[in-house]
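What follows is a single structure, written as structure tokens, with notes after it.
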Amino acid sequence: MQPKGDTLLTQPHVGLFVTCLVDLFRPNIGFSAVELLEKAGCQVTVPPAQTCCGQPAYNSGDRANTRAIAEQVIEAFEKFDYVVAPSGSCAAMLKKHYPELFAGDAQWEERTTNFAAKVFELVSFLSDVMFFQEIDVTFQGRVTYHDSCSGLRELGIARQPRKLLQQVEGLELKEMENPDVCCGFGGTFCVKYSDISNAIVEKKTATIEAAEVDMLLAGDLGCLMNMAGKLQREGKTTKVRHVAEVLAGRLDGPAIGEGK
Amino acid sequence: MKITTPEFKSNAVEALKNQTLQKALSHVEEGFIDKRQMAADALPEFETLRDNARDIKNHTLSHLDLYLEAYEEKVIESGGHVHWAQTAEDARNIVLDICRKVGAKTVTKGKSMISEEIGINDFLEGEGIEPIETDLGEYIIQLRNEAPSHIIAPAVHVLKEQVEEDFRATHTHLPEDRNLEEPETLLDEARTVLRQKFLDADVGITGANFLIAETGTSIIVTNEGNGDLTQTLPKVHIVLASLEKITPTLEDVSQILRVLARSATGQDMSVYTTFSTGPRRESDVDGPEEYHVVLLDNGRTNMVGTEFQDMLRCIRCGACMNHCPVYHAVGGHAYGWVYPGPMGAVLTPSLTGVDKGGQLPNASTFCGRCEAVCPMRIPLPKMMRHWREREFERNLNPTAQRFGLKFWAWFAKRPRLYGLGAKIAMRGLAIMAGSKGRLSFMPLGRGWTKYRDMPAPEGKTFQQMWAEKQVGKT
């Protein structure tokens with residue numbers, strides 16, 4: 001097999017960080033990630049000793065629990081060539097915030113830096129590291145892509161998902177207005193400040209509706225659940241899916257929040 | 001000024017219900033974002049300038065004492081006075097003393113956030129001295145007896161029609177049938193009314209965008225020219241500035257000026273950039289007889305050397321709030337004190353205490369748009385998180401939230417038990433949702449389901465399905 005893209009490894013061993021939301025709510029995204037990674041030439045392992053990246057604690061100011069969770073993640077994943085997560089938010093936590101958390105820690109700093117260098121968000125990993133091209137799925141319909149905040153601003157993910165989506169046969173990508181504006185999810189923010197969160201997501205669903213698309217896509221399940229839940233409460237019929245589900249062609253089951 | 005920051009949540013709910021405010025807020029989104037982007041795109045070195053601006057301020061903050069002393073020396077050399085004010089009260093008393101000495105009856109004011117921070121208007125009024133705001137936005141909110149809702153556009157929450165009403169109610173000496181429908185006619189009227197006040201004032205108070213250590217100069221940037229009239233016509237000019245406004249040299253300032261207006265309003269430069277060094281000299285054709293600088297600390301030196309030091313780089317351009325989804329939703333008054341938006345969410349707890357200001361750093365989605373546009377590259381979300389940490393350390397966040405977090409973390413640290421619990425919980429949720437695929441009500445989840453449905457889980461967890469698949473493989 002030919003070495004691919006950025007990596008000199010013929011078959012890099014990827015540890016899949018499933019993310020808690022995908023694990024709990026939408027395994028289909030996890031399986032889509034596995035399929036895409038395998039198609040791109042990776043060997044995929046899913047360590048059982050994973051729960052969450054620690055963001056709920058981290059963003060609530062609880063550094064002690066965050067550290068404990070981070071140590072657990074690093075221990076479970078540092079042996080892989082790459083660590084890949086189907087979420088910009090969780091990947092940014094592992095890649096950008098773990099090093100901040102352990103900065104100046106004699107025991108953990110270097111270990112964390114080495115770990116962080118291996119971490120990638122799924123779509124950007126496929127595109128930038130594996131130079132993945134072989135999208136052989138079809139999708140008949142018009143979609144729009146929402147840039148989730150962490151992926152966009154902490155990891156620079158914007159061009160990669162669009163590039164891969166444009167290779168899906170039959171798919172028409174139509175940009176909504178301000179795709180880079182927050183959907184109002186913000187983790188615990190959406191329940192702590194539900195009134196404000198609602199005002200923000202209302203603006204988002206209005207721009208989604210104005211784009212006149214069949215489906216809304218994004219790379220983060222938290223944002224997707226927020227937007228899907230709002231669209232459905234408003235009685236809108238736009239379907240909502242994770243970008244990996246479309247790229248992997250795993251579209252048989254119901255879309256997010258859709259009835260069986 | 002009464003601090004209503006602890007009531008941020010209810011302030012926000014009121015703001016969301018206020019249709020007039022919501023209409024006015026839509027102008028923030030329309031007015032600032034594209035203009036900033038165009039200005040930034042048009043300048044190839046914009047990103048480099050941001051780096052330089054950050055480095056200049058970082059350097060200054062690490063030698064704050066030296067530059068402040070050098071600045072004081074230069075101000076004195078040029079015939080001016082420097083007054084060190086540790087607290088807001090100190091600053092108010094210093095201003096009052098200066099006003100009393102010249103028997104001031106009226107004081108004109110250029111736009112100054114420090115004057116809001118120390119509440120100088122109410123104070124002077126209580127002492128029988130009339131303060132007159134001369135910036136159009138500030139003038140409007142003074143008539144309305146309101147606080148600014150934005151640091152560079154203080155009346156951004158007010159609609160044109162409301163200004164017309166206010167002017168008609170206040171300027172009763174003008175003909176009733178005058179036309180006030182256009183912004184220009186409103187501006188003309190304010191200008192006419194203010195002209196005589198400029199001439200009559202005994203003291204002029206301005207803020208400062210920068211203080212220059214090299215020359216002892218204070219700088220204001222304005223678009224209306226009111227600042228110039230405020231500081232040159234009266235006998236006495238008082239500059240109200242917080243001490244982190246200090247910048248080493250003119251060269252340094254000229255770099256930061258290049259990112260300031262571009263970030264704020266999308267202008268290359270503000271219309272007026274006014275440099276003031278000391279009082280009028282014999283050869284000068286105009287200028288004040290006395291030049292005073294009140295240097296306010298009010299908690300800022302406590303931030304030096306802490307994880308909040310970066311906040312002192314802020315040059316008050318307002319880009320963070322212009323790009324903030326929370327600010328767009330609720331406007332500036334909901335924040336409950338002087339500084340709104342992301343910069344206010346960091347500064348308010350720094351200056352008033354986290355027990356009062358703690359709501360603000362929590363009310364963020366951490367979308368990071370503020371940091372992405374901050375010309376000084378201030379890591380605003382990171383500092384909001386630091387405030388959450390301080391709050392958590394001091395057990396200041398709500399008990400239910402702490403309990404929930406503890407409960408969750410206990411499981412998150414125990415993958416096997418977590419997996420088991422997740423399996424049961426997700427199965428339960430899936431059963432509750434039935435074939436509908438979503439829940440419109442969820443136990444303990446009203447914060448979510450009040451406004452949106454909850455997408456139901458597939459049923460089994462990924463880990464569960466993955467484990468089953470692995471068994472099948474072998």
Check: Which of the residues spanning the range B:280-298 are buried (at least 17 other Cβ atoms within 10 Å of the Cβ) and either in a strand (DSSP E or B) or acidic (D, E) (or both)?
Finding: B:E290, B:Y291, B:H292, B:V293, B:V294, B:L295, B:L296, B:D297
Next item on the list: For residues that are hydrophobic (A, V, I, L, M, F, W, C) and under 23 Å from A:E134 (Cα atoms), tally how many sit in the range A:145-168.
Entry: 5
Next item on the list: Considering every residue within the range B:429-452, establish whether at least one is facing chain A (nearest Cβ under 8 Å), of a type in the set (A, V, I, L, M, F, W, C) and under 25 Å from A:T205 (Cβ atoms).
Entry: yes
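This table checks each residue for (1) more than 7 Å from chain B (Cβ to nearest Cβ); (2) part of a loop (DSSP other than H, G, I, E, B); (3) touching a helix residue (DSSP H, G or I) at 6+ places or on another chain (Cβ under 7 Å); (4) under 30 Å from B:H386 (Cβ atoms).
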position: A:L24; (1), (2), (3), (4): no, no, yes, yes
position: A:S32; (1), (2), (3), (4): yes, no, yes, no
position: A:E38; (1), (2), (3), (4): yes, no, no, no
position: A:A57; (1), (2), (3), (4): no, no, yes, yes
position: A:G61; (1), (2), (3), (4): no, yes, yes, yes
Next item on the list: Could you grab the pairs with beta carbons closer than 9 Å, sequence gap of 6+ or different chains, first residue in the range B:374-399 and over 15 Å from B:G341 (Cα atoms), second one of a type in the set (V, I, T) and in a loop (DSSP other than H, G, I, E, B)?
Entry: B:P375/B:I315; B:M376/B:I315; B:H386/B:T306
Check: Just one of B:T4, B:T20 is within 20 Å of the chain's Cα centre (by Cα), over 30 Å from B:G287 (Cα atoms) and either aromatic (F, W, Y) or more than 14 Å from every other protein chain (Cβ to nearest Cβ) (or both); which is it?
Finding: B:T4
Notebook entry, point to check: If you go through the range A:242-260, how many residues are surrounded by fewer than 20 Cβ atoms within 10 Å (Cβ to Cβ) and in contact with a Pro (Cβ under 6 Å, 6 or more places away or on another chain)?
Noted result: 1
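Here is a yes/no grid of residues against (1) outside any strand (DSSP E or B); (2) free of Cβ contacts under 8 Å to residues at least 60 places away in the same chain; (3) touching a Leu at 6+ places or on another chain (Cβ under 9 Å):
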| position | (1), (2), (3) |
| --- | --- |
| A:C223 | yes, no, no |
| A:A228 | yes, yes, yes |
| A:K236 | yes, yes, no |
| A:G253 | yes, no, no |
| A:E258 | yes, yes, no |
Next item on the list: Of the numbered conditions (1) under 23 Å from B:P325 (Cβ atoms); (2) within 12 Å of another protein chain (Cβ to nearest Cβ); (3) buried (at least 20 other Cβ atoms within 10 Å of the Cβ), A:K239 fails exactly one; give the number of that condition.
Entry: (1)
Margin query: Let me confirm something: among B:T399, B:T365, which residue is more than 8 Å from chain A (Cβ to nearest Cβ) and among the polar types (S, T, N, Q)?
Written below: B:T399
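Residue by residue through the range A:127-139, note down the ones that are of a type outside the set (S, T, N, Q) and not in a loop (DSSP other than H, G, I, E, B). Working first, answer last.
Residues of the range A:127-139 of a type outside the set (S, T, N, Q): A:128-132, A:134-137, A:139.
Once the filter is applied, which keeps residues that are of a type outside the set (S, T, N, Q) and not in a loop (DSSP other than H, G, I, E, B), the range A:127-139 yields A:D128, A:V129, A:F139.
Here's the yes/no breakdown for (1) outside the structural domain of B:E117 (by TED's automatic domain parsing); (2) under 13 Å from the mean Cα position of the chain (by Cα); (3) surrounded by 24 or more Cβ atoms within 10 Å (Cβ to Cβ); (4) within 24 Å of A:G187 (Cβ to Cβ):
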site	(1), (2), (3), (4)
B:E307	yes, no, no, yes
B:C317	yes, yes, yes, no
B:Y335	yes, yes, yes, yes
B:P340	yes, yes, yes, yes
B:V346	yes, yes, yes, yes
Next item on the list: For the range A:218-231, indicate whether the set of residues that are among the acidic types (D, E) and under 26 Å from A:Q160 (Cβ atoms) is non-empty.
Entry: yes
Next item on the list: Please work out which residue is nearest to B:E165 (Cα to Cα), limiting yourself to the range B:195-206 and to residues that are surrounded by fewer than 23 Cβ atoms within 10 Å (Cβ to Cβ) and either among the aliphatic types (A, V, I, L, M) or touching a residue at least 24 places away in the same chain (Cβ under 8 Å) (or both).
Entry: B:K197
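Please indicate, with yes or no, whether at least one residue in the range A:4-18 is among the hydroxyl-bearing types (S, T, Y) and within 13 Å of chain B (Cβ to nearest Cβ). Don't jump to the end; show me each part of the working.
Kept after step one, since they are among the hydroxyl-bearing types (S, T, Y), are these residues of the range A:4-18: A:7, A:10.
From what is left, the residues that are within 13 Å of chain B (Cβ to nearest Cβ) are none.
Within the range A:4-18, not a single residue is among the hydroxyl-bearing types (S, T, Y) and within 13 Å of chain B (Cβ to nearest Cβ).
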Notebook entry, point to check: Given the structure, is A:L21 over 25 Å from B:L396 (Cα atoms) and at pLDDT 95 or above?
Noted result: yes
Next item on the list: Tell me which residues, restricted to the range A:156-170, are within 14 Å of another protein chain (Cβ to nearest Cβ) and buried (at least 22 other Cβ atoms within 10 Å of the Cβ).
Entry: A:I157
Item checked: Subset tally (residues that are in contact (Cβ under 8 Å) with a residue 40 or more places away in the chain, within 7 Å of chain A (Cβ to nearest Cβ) and outside any loop (DSSP other than H, G, I, E, B)) for the range B:453-464 -> 1
Next item on the list: Considering only the range B:351-362, state which residues are more than 24 Å from B:K57 (Cα to Cα) and within 12 Å of chain A (Cβ to nearest Cβ).
Entry: B:V354, B:G358, B:Q359, B:L360, B:N362
Check: Condition test on A:N178, is it part of a loop (DSSP other than H, G, I, E, B), within 17 Å of B:C324 (Cβ to Cβ), within 14 Å of chain B (Cβ to nearest Cβ) and not aliphatic (A, V, I, L, M)?
Finding: yes
Checklist line | Criterion violated by A:S124 - all others in (1) buried (at least 18 other Cβ atoms within 10 Å of the Cβ); (2) part of a loop (DSSP other than H, G, I, E, B); (3) not aromatic (F, W, Y) satisfied | finding: (2)
Item checked: Which listed residue, of B:F392, B:F407, B:F411, is more than 9 Å from chain A (Cβ to nearest Cβ) and either surrounded by fewer than 22 Cβ atoms within 10 Å (Cβ to Cβ) or in a loop (DSSP other than H, G, I, E, B) (or both) -> B:F407
Check: Can you tell me which of B:L229, B:L233, B:L240 is at negative phi and under 22 Å from the mean Cα position of the chain (by Cα)?
Finding: B:L240
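Report the residue count in the range B:184-194 for those that are surrounded by 12 or more Cβ atoms within 10 Å (Cβ to Cβ) and out of contact with any His (no Cβ under 7 Å at 6 or more places or on another chain).
Initial filter on the range B:184-194 (surrounded by 12 or more Cβ atoms within 10 Å (Cβ to Cβ)): B:185-191, B:193-194.
Now narrow it down to the ones that are out of contact with any His (no Cβ under 7 Å at 6 or more places or on another chain): B:185-188, B:190-191, B:194.
Result for the range B:184-194: 7.
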Check: Is at least one residue of the range B:372-380 touching a helix residue (DSSP H, G or I) at 6+ places or on another chain (Cβ under 7 Å), within 8 Å of chain A (Cβ to nearest Cβ) and part of a helix (DSSP H, G or I)?
Finding: yes
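Residues checked against (1) in a helix (DSSP H, G or I); (2) crowded, with 18+ Cβ neighbours inside 10 Å; (3) within 11 Å of chain B (Cβ to nearest Cβ); (4) among the small types (G, A, S):
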position: A:G141; (1), (2), (3), (4): no, no, no, yes
position: A:T144; (1), (2), (3), (4): no, yes, no, no
position: A:E172; (1), (2), (3), (4): no, no, no, no
position: A:G187; (1), (2), (3), (4): no, no, yes, yes
position: A:K203; (1), (2), (3), (4): yes, yes, yes, no
position: A:L216; (1), (2), (3), (4): no, yes, no, no
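The values are calculated or read from the model by the stated rules, or taken from the named source; none is laboratory data. A quick note: this is a predicted structure, and the numbers were derived from the prediction, not measured. Methodologically, a virtual Cβ is constructed for each residue, glycine included, from the backbone with ideal geometry; neighbour enumeration extends over all protein chains shown.
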